[in-house]
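S.K.: If you scroll down you'll find the structure; I have some questions about it.
The values are calculated or read from the model by the stated rules, or taken from the named source; none is laboratory data. Computed from a prediction, not measured in an experiment: that's the story for all the values here. Neighbour counts run over all protein chains shown; Cβ positions are idealised from the backbone, glycine included.
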Amino acid sequence: MAIETLTPEQIRDWPREKKDAWWLERVYRGDMPQLTLRSAVTGFLLGGILSATNLSVGAKTGWTLGVGLTSVILAYAAFRVMARAGASDMTILENNCSQSIATAAGYMTGPLVSGMAAYMWIQNALMPWWQMMLFNVTLSLLGVLVAFPMKRRFINEEQQPFPEGAACGVVLDALYSTAAASGMYKAKVLVRAGGLAAALGALSGESVMKLVQVKWLGLKEAWHFPHSLDAWYYELAKKGLVPVPRLAGVPIRELGVSPALDLAMVGAGGLMGMRTAGSMLVGMVLNFLVLVPAMIAAGEIRPRADGTFSRVHVVNTWSLWWGIAIMVVASMVSLFAKPEVFVAAFRALRGRGERAADVLGHIELPLKVSLVGAPLVGAVGVWMAHAWFGVPLLWGALSLPMIFVLTLIATSSTALTSITPTGSLSKIPQFTFGALDPRHPPTNLMTGVMCVEVASNASNLLMDIKPGYMLGAKPRQQAIGHVIGVVAGALASTPLFYVLFLSDWAPGRSVQEAMAPEGGQFGFPSALQWQGVSNLVTAIFGGGGGTLLTRSIVTSMLVAAVAGLVLEVARIRSHGRLPLSPLAVGLGVVVPPESTIAMFAGAAFFHWMERRHAGHAGTPGYERWVGGKEPICAGLIAGAALLGIADILVKVFWL
């Protein structure tokens, strides 16, 4: 059935009491099962899987991919399987509850691959797992407590769109009405794509193949499909049959320029689209094939102690700075170029106060829970930052009002665009508290983590609440479901973080080298950005610059900053028609080239398929490659990422 909505005139003219009464009478589904044991368990398990895949993808790309629609399809498929096994049919609200729990879990990985990783790199020390888990959970719970008072303004009163959340609501409504067959088709497509990616991942997994061929089959040696697609060429080069490609006398492979078989990145590129993936390719080519060779030839980038170069070396010693400059400028211009976001945020700050009659008081999360809980949980977070990471209590306490303001801004952006600008917002506390305490990097890093995690969790919770509001769900149970998802994500991602990224670490070895080794599959581009901003703050305000910023680095940063400003203004003025994203250009500097190439290949393939089947809606080709693009990409990401994780687990626990 069609989802009932208010007209623009009703949204504008009706007071919130009338809107709430209309929703209670026309949309609310009463006592329809929602947060049941089976929906909670399904969401919990799916959330663990999605948090694992997001952890892997985030460590490779720096992006946390949206998992809302993916979890809707997976939860629906799981429920249909259970129904065929004899269980009673799941309700639409149970499905929504499961996707909400799973989505909350999937977003728990963001701080792990960004601010927290950067903290460990700069301190060159491991963060105890229990501190990582408890700090992450505490900030996520603070996000829940901050979000629900905003829910009444952004969703109940202003009926903000939250586009991705609304899409989940529309898909759920279709699955439970006229398009159930389409839902099962998409679920099958997702599973098939995941199976293909998993099969190729197994064949290219060195540890998995060694386990199967040597341990199980008793062979003397194990063969695996090479990860690098140019491995055959370099085998010929070893025999002297072909020359080794060089730039400025340096083999291009030492710069990390090598295509690889990575279906997870192909799927990620399909979801990103041509504009983002193409811009990343431009940044990669400009940096690694133009600027870096020129700087090596000019002597501005010197080799390592052994006389060789590496991608990590050139990025950390030179490229990172201009990449950060263009990203910071572009993201801040984008943020401050949307005055409606700030208007909406600060209008929400003053609000109209609570009404005398609250017709939804019996199903909403009571405001007193937030009014009492938010200061208490916030105080716990400040204490943790002080006791565990050395953040002065004063700066930690001052971060709380900044958290609230930045959460309002982030939520306003998410409400309008489905984009939560956590990357942009993190720079504000990093620069603010870095200037206040420039000689202690954990202050700017961990206050940044506090602000970003609360803002992200509150915004994503409201995104999850939107489909529930559209379908008539109980808000209190959605809050409980989100907390379950937070716990699921923390339990799944925290131990996996240490197994995946730190199993090779030993005392005396660099933490950064252990987590992002040269030639490894994880580059941690987001952590590199956080680390770079922290080092920049120290260089500017702490007198720690020394030889950190050479003349060529400063020049490249100034040029990149101007380019970021010009390109972002042009993008805004052209209403998004400019084919280049300066933010993605900078991202192409810090993401490993092999990942950028794979993402561009995925984006180009699906762009070509969309153009090829344009105007042929309803045909098998259109349904598969256009209508099924998201489940195909999600399947590729999940299958490849999970097999990549399995390969590491085999190496750690069996080999």
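S.K.: In the list 380, 359, 405, 369, which residue meets the criterion of being in a helix (DSSP H, G or I), hydrophobic (A, V, I, L, M, F, W, C) and under 30 Å from residue 24 (Cα atoms)? Break it down stepwise before answering.
M.R.: Details: 380 fails: under 30 Å from residue 24 (Cα atoms); 359 fails: in a helix (DSSP H, G or I); 405 fails: under 30 Å from residue 24 (Cα atoms).
Answer to the selection: 369.
S.K.: Same structure again: Within region 420-467, work out how many residues are of a type in the set (Lys, Arg) and either touching a strand residue (DSSP E or B) at 6+ places or on another chain (Cβ under 7 Å) or part of a helix (DSSP H, G or I) (or both).
M.R.: 2
S.K.: Condition first: at negative phi, at pLDDT 70 or above and among the acidic types (Asp, Glu). Can you find one or more residues in region 341-358 that meet it? Write out each step before concluding.
M.R.: As a first pass, look at region 341-358 and keep what is at negative phi: 341-350, 352, 354-358.
Among the residues that remain, those that are also at pLDDT 70 or above are: 358.
Add one more test, that the residue is among the acidic types (Asp, Glu), and what stays is 358.
Yes, the conditions are met somewhere in region 341-358.
S.K.: Oh, and also: Criterion first (part of a helix (DSSP H, G or I) and either acidic (Asp, Glu) or within 21 Å of residue 79 (Cβ to Cβ) (or both)) does residue 56 satisfy it? I'd like the intermediate steps shown before the answer.
M.R.: On the way: part of a helix (DSSP H, G or I): yes; either acidic (Asp, Glu) or within 21 Å of residue 79 (Cβ to Cβ) (or both): no.
Considered against the rule, which asks whether it is part of a helix (DSSP H, G or I) and either acidic (Asp, Glu) or within 21 Å of residue 79 (Cβ to Cβ) (or both), residue 56 comes out as no.
S.K.: Here is a follow-up. When region 564-579 is examined, which residues are found to be among the polar types (S, T, N, Q) and either touching a strand residue (DSSP E or B) at 6+ places or on another chain (Cβ under 7 Å) or at positive phi (or both)? Outline the logic, then answer.
M.R.: Step one: filter region 564-579 for residues among the polar types (S, T, N, Q), giving 574.
Once the filter is applied, which keeps residues that are among the polar types (S, T, N, Q) and either touching a strand residue (DSSP E or B) at 6+ places or on another chain (Cβ under 7 Å) or at positive phi (or both), region 564-579 yields nothing.
S.K.: Continuing with this model, one more query. Which of (1) touching a residue at least 24 places away in the same chain (Cβ under 8 Å); (2) closer than 24 Å to residue 516 by Cα does residue 653 not meet, given it meets every other one?
M.R.: Exception for residue 653: condition (1).
S.K.: Being of a type in the set (Ser, Thr, Tyr) and under 24 Å from residue 100 (Cβ atoms) is the filter here; which residues of region 1-40 pass it? Please lay out each step first, then the result.
M.R.: Residues of region 1-40 of a type in the set (Ser, Thr, Tyr): 5, 7, 28, 36, 39.
Listed by number, the residues that qualify are 5, 28, 36, 39.
S.K.: All but one of (1) in contact with a Pro (Cβ under 8 Å, 6 or more places away or on another chain); (2) within 30 Å of residue 194 (Cβ to Cβ); (3) not hydrophobic (A, V, I, L, M, F, W, C) hold for residue 273, so report the exception by its number.
M.R.: (1)
S.K.: Looking only at region 225-237, which residues are surrounded by 14 or more Cβ atoms within 10 Å (Cβ to Cβ) and acidic (Asp, Glu)?
M.R.: Answer for region 225-237, where residues must be surrounded by 14 or more Cβ atoms within 10 Å (Cβ to Cβ) and acidic (Asp, Glu): just 230.
S.K.: Of the conditions (1) surrounded by fewer than 24 Cβ atoms within 10 Å (Cβ to Cβ); (2) farther than 30 Å from residue 228 by Cα; (3) touching a residue at least 60 places away in the same chain (Cβ under 8 Å), residue 537 fails just one. Which one is it?
M.R.: Failing condition for residue 537: (1).
S.K.: Here is a further query. Which of the residues spanning region 238-284 are among the aliphatic types (A, V, I, L, M), over 17 Å from residue 633 (Cα atoms) and buried (at least 16 other Cβ atoms within 10 Å of the Cβ)?
M.R.: As a first pass, look at region 238-284 and keep what is among the aliphatic types (A, V, I, L, M): 241-242, 244, 247-248, 250, 252, 255, 257, 260-261, 263-266, 268, 271-272, 274, 277, 280-282, 284.
Now narrow it down to the ones that are over 17 Å from residue 633 (Cα atoms): 241-242, 244, 247-248, 250, 252, 255, 257, 260, 280-282, 284.
Of everything in region 238-284, those that are among the aliphatic types (A, V, I, L, M), over 17 Å from residue 633 (Cα atoms) and buried (at least 16 other Cβ atoms within 10 Å of the Cβ) turn out to be 247, 250, 252, 255, 257, 260, 280, 281, 282, 284.
S.K.: Look through region 286-310, keep the residues that are of a type outside the set (S, T, N, Q), in a helix (DSSP H, G or I) and in contact with a Ser or Thr (Cβ under 9 Å, 6 or more places away or on another chain), and return whichever of them is surrounded by the most Cβ atoms within 10 Å (Cβ to Cβ). Steps first, answer last, please.
M.R.: The first filter runs over region 286-310 and keeps only residues of a type outside the set (S, T, N, Q), leaving 286, 288-307, 309.
Checking the rest, the ones that are also in a helix (DSSP H, G or I) come to 286, 288-298.
Those left that are additionally in contact with a Ser or Thr (Cβ under 9 Å, 6 or more places away or on another chain): 288, 291-292, 295, 298.
Details: 288: 23, 291: 20, 292: 26, 295: 22, 298: 10.
Among them, the one singled out is 292.
S.K.: Scan (1) touching a strand residue (DSSP E or B) at 6+ places or on another chain (Cβ under 9 Å); (2) within 26 Å of residue 409 (Cα to Cα) for the single condition residue 521 breaks and write down its number.
M.R.: The single condition residue 521 does not satisfy is (2).
S.K.: Continuing with this model, one more query. Look through 331, 319, 399 and report the one residue that is assigned to a helix (DSSP H, G or I) and either among the charged types (D, E, K, R) or modelled with pLDDT under 85 (or both). Spell out the reasoning first.
M.R.: Values: 319 fails: either among the charged types (D, E, K, R) or modelled with pLDDT under 85 (or both); 399 fails: either among the charged types (D, E, K, R) or modelled with pLDDT under 85 (or both).
After ruling out the rest, the residue left standing is 331.
S.K.: If we scan region 479-502, do we find a residue that is modelled with pLDDT under 90, out of contact with any Phe, Trp or Tyr (no Cβ under 8 Å at 6 or more places or on another chain) and part of a loop (DSSP other than H, G, I, E, B)?
M.R.: No - not one qualifying residue is present in region 479-502.
S.K.: Regarding residue 630, is this residue closer than 24 Å to residue 77 by Cβ, over 26 Å from the mean Cα position of the chain (by Cα), modelled with pLDDT under 85 and among the charged types (D, E, K, R)? Give the steps one after another, and end with the answer.
M.R.: Numbers: closer than 24 Å to residue 77 by Cβ: yes; over 26 Å from the mean Cα position of the chain (by Cα): no; modelled with pLDDT under 85: yes; among the charged types (D, E, K, R): yes.
Answer is no for this residue.
S.K.: Could you figure out which of (1) touching a helix residue (DSSP H, G or I) at 6+ places or on another chain (Cβ under 9 Å); (2) touching a residue at least 12 places away in the same chain (Cβ under 8 Å) isn't true of residue 215?
M.R.: (1)
S.K.: Can you name every residue in region 74-87 that is of a type in the set (A, V, I, L, M), in contact with a helix residue (DSSP H, G or I) (Cβ under 7 Å, 6 or more places away or on another chain) and farther than 15 Å from residue 97 by Cβ?
M.R.: Kept after step one, since they are of a type in the set (A, V, I, L, M), are these residues of region 74-87: 74-75, 77-78, 81-83, 85, 87.
This time we only want the ones that are in contact with a helix residue (DSSP H, G or I) (Cβ under 7 Å, 6 or more places away or on another chain), so: 74-75, 77-78.
Within region 74-87, 77 is the sole residue that qualifies.
S.K.: Test residue 166 against the criterion of being assigned to a helix (DSSP H, G or I), closer than 30 Å to residue 16 by Cα and of a type outside the set (Ser, Thr, Tyr), and give yes or no.
M.R.: Details: assigned to a helix (DSSP H, G or I): yes; closer than 30 Å to residue 16 by Cα: yes; of a type outside the set (Ser, Thr, Tyr): yes.
Yes.
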